[in-house]
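Just below is one structure, and these are the notes that go with it.
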There are 2 protein chains.
Amino acid sequence: MSPTALTIIGERINASRKSIARAIDDGDEAVIQHEAGMQLDAGANFLDVNAGIYPDREAQILAWLVRTVQSDLNAPLSIDTTNPDALKVALEAHQGKPLINSISLEKERMDSLLPLVREHSCAVIAQTIESGHIPVTAEERVDIAVQLVDVLVKAGLDAEDIYIDPVPQPVSMAGDAGMETLKAFAEIRNRLPNIHILCRVGNVSFQLPGRSLLDRTFLPMAMAAGADTAIIDPCNNDIMASVAAAEALLGRDEFCMRYITAHREGKLAGKD
Amino acid sequence: MSPTALTIIGERINASRKSIARAIDDGDEAVIQHEAGMQLDAGANFLDVNAGIYPDREAQILAWLVRTVQSDLNAPLSIDTTNPDALKVALEAHQGKPLINSISLEKERMDSLLPLVREHSCAVIAQTIESGHIPVTAEERVDIAVQLVDVLVKAGLDAEDIYIDPVPQPVSMAGDAGMETLKAFAEIRNRLPNIHILCRVGNVSFQLPGRSLLDRTFLPMAMAAGADTAIIDPCNNDIMASVAAAEALLGRDEFCMRYITAHREGKLAGKD
């Protein structure tokens, strides 16, 4: 697939997947490097690495994942951890500009992370969570997003290195969860035109059947509302076909050339 | 499929389809009635009838289509013609409240149609077209929509019988055509909360390959922006799966029960 206008964070190198946990346990670099290469070929801009299921050895494993991928491929990683020590070790192992996944508006954690962000010239995913509270309404999300951007810009980050994540919640839990997130995307895009907005697609479909269908339906709605970045599996042809169609429909694919090329090459999952 | 929150106008009884033209030429009522029944079973709320490819006999054929469907099934039809004489004859043949597809902001045509609308207590699709000019921007569409609703309400129509069609244009012709239509949906919904907004889905994908993929990607974006009615083929499982997913995601399917039921019954095209 040709590069998309959407910035794609490939989600496959996550130890909660059995094949990744097995590769970690076996120290099998080839499996990790294969997963990395596949995702880059499919159009990923960042590769997420997550070893959260190993709380006792998270720092060591995360650093190993970073070195394993980057010894083979020149790709920026998204360091996905809630553990500040693991983050520090992984950032030290990382070459180039990493993406931190993620920070939120929690003073204590922010104070420990900002020096690391500055030291490693990171880009940052900033979740609209304040002191452990995930907002319900669009307004709360927008309010926290504005505060986050203020703090991060004051800390010296460029707007283009800030990825606001409005933290979609599952529609299985609250019927208006999807709509509130879409409203948040639109209003954050309106208030903060220069930052990135991330859609953590899989959140909305949590605990429902047919998640792939829900995810590939939600992402175009999120893109129309202002999201320009997504955490997805770029090797999932159905969701990549949705992305290609959405970009053509939203005028982010000049003369629809990427869409037409992908269709001609048989890369769209659509039947006609 | 259980009834959707989306109002669906089934598009299959259109003489531009070869099987329908053949049925018309043969006077084969069973084919027309079968197409009508299939669409109602699949969730259509209105059945569109179009005989525009027969300019010389359009009135006679349209009236025959109306009588043929309604002698078998109690379903409201969407009378799809630009010919006022054909419309008049078809309306006289119609039982119950018909939907006129369509009127626009053209004084001469409006003057000839409004008496018919009143006489037959019609619902009306009103296109945001003024004197033959199809708008380019969202603002023009909104402006015409406001004028149309004003004229129609003054003529005695209830808001719930007005279906505004912002006339999407093909993204193959202009890259911003999709985005301008989505903006128009949102602003018309904002300005005119009580009227229906129609998405004529197939317009945007005109002259592109993979139209089914484009259509099922655009409709959820249109629904998120405020469209509550669509002209589609309800027998296309892919687009109906998109509708079911979009309604679950947008909070228009309480506890996602219709979506979960459709998934359990194997009616969603999604692979997982």
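Read-outs throughout are calculated quantities, based only on the coordinates presented, and are distinct from any laboratory measurement. Note that the coordinates shown come from a computational prediction; the quantities given were computed from them, not determined experimentally. Here the Cβ is made from the backbone with ideal geometry for all residues, glycine too, and neighbour counts use every protein chain on show.
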Quiz item: Which condition breaks for B:Asp228 when tested against (1) under 22 Å from B:Asn101 (Cα atoms); (2) charged (D, E, K, R); (3) touching a Gly at 6+ places or on another chain (Cβ under 8 Å)?
Solution: (3)
Exercise. Kindly indicate the residue of the range A:26-77 that is polar (S, T, N, Q) and not in a helix (DSSP H, G or I) and also farthest from A:Thr4 (Cα to Cα) among those meeting that condition.
Key: A:Asn50
Quiz item: So, in the range B:147-204, of the ones that are basic (Lys, Arg) and in a helix (DSSP H, G or I), which residue ends up nearest to the chain's Cα centre (by Cα)?
Solution: B:Arg189
Exercise. Output the number of the condition that B:Pro166 fails; it satisfies all remaining conditions of (1) surrounded by fewer than 24 Cβ atoms within 10 Å (Cβ to Cβ); (2) closer than 19 Å to A:Pro220 by Cβ.
Key: (1)
Exercise. Only residues that are over 18 Å from A:Asp80 (Cα atoms) and either among the aliphatic types (A, V, I, L, M) or exposed (fewer than 13 other Cβ atoms within 10 Å of the Cβ) (or both): list them for the range A:120-132, please.
Key: A:Ser131
Practice problem: Could you list, in sequence order, all residues of the range B:205-214 that are of a type in the set (A, V, I, L, M) and not in a helix (DSSP H, G or I)? | Solution: B:Leu208
Practice problem: Can you tell me which residue among B:Pro98, B:Pro115 is free of Cβ contacts under 8 Å to residues at least 12 places away in the same chain and of a type outside the set (D, E, K, R)? | Solution: B:Pro115
Exercise. Tally the residues that are among the aliphatic types (A, V, I, L, M) and under 15 Å from B:Thr68 (Cβ atoms), restricting the search to the range B:1-53.
Key: 15
Quiz item: Taking the range A:1-25 as the search range and keeping residues that are in contact with a strand residue (DSSP E or B) (Cβ under 7 Å, 6 or more places away or on another chain) and assigned to a strand (DSSP E or B), which one is farthest from A:Ala241 (Cα to Cα)?
Solution: A:Asn14
Quiz item: Going by the conditions given, is B:Met221 under 25 Å from B:Val167 (Cβ atoms) and more than 7 Å from chain A (Cβ to nearest Cβ)?
Solution: no
Quiz prompt | Of residues in the range B:78-87 being surrounded by 21 or more Cβ atoms within 10 Å (Cβ to Cβ) and part of a helix (DSSP H, G or I), the one farthest from the chain's Cα centre (by Cα) | solution = B:Ala86
Quiz prompt | Near pairs, Cβ below 6 angstrom, 6+ apart or cross-chain, from the range A:187-211 (without any contact (Cβ under 8 Å) to a residue 24 or more places away in the chain) to any residue that is crowded, with 20+ Cβ neighbours inside 10 Å and outside any strand (DSSP E or B) | solution = A:Pro209/B:His263; A:Gly210/B:His263; A:Gly210/B:Leu268; A:Gly210/B:Gly270; A:Arg211/A:Ser205
Practice problem: Looking at (1) more than 9 Å from every other protein chain (Cβ to nearest Cβ); (2) out of contact with any strand residue (DSSP E or B) (no Cβ under 7 Å at 6 or more places or on another chain), find the lone condition where A:Cys199 falls short. | Solution: (2)
Self-check item: Members of the range A:1-57 found to be in contact with a helix residue (DSSP H, G or I) (Cβ under 9 Å, 6 or more places away or on another chain) and of a type in the set (S, T, N, Q), listed by number
Solution: A:Ser2, A:Thr4, A:Asn14, A:Ser19, A:Gln33, A:Asn50
Exercise. Quick one: count up the residues across the range B:233-272 that are surrounded by fewer than 19 Cβ atoms within 10 Å (Cβ to Cβ), within 7 Å of chain A (Cβ to nearest Cβ) and in a loop (DSSP other than H, G, I, E, B).
Key: 3
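Okay, residues lined up against (1) under 25 Å from B:Leu249 (Cα atoms); (2) surrounded by fewer than 18 Cβ atoms within 10 Å (Cβ to Cβ); (3) out of contact with any Leu (no Cβ under 8 Å at 6 or more places or on another chain); (4) not small (Gly, Ala, Ser):
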position	(1), (2), (3), (4)
B:Ile8	yes, no, yes, yes
B:Ile20	no, no, yes, yes
B:Ile32	no, no, no, yes
B:Ala36	no, no, no, no
B:Ala42	yes, no, yes, no
B:Phe46	yes, no, no, yes
B:Val49	no, no, no, yes
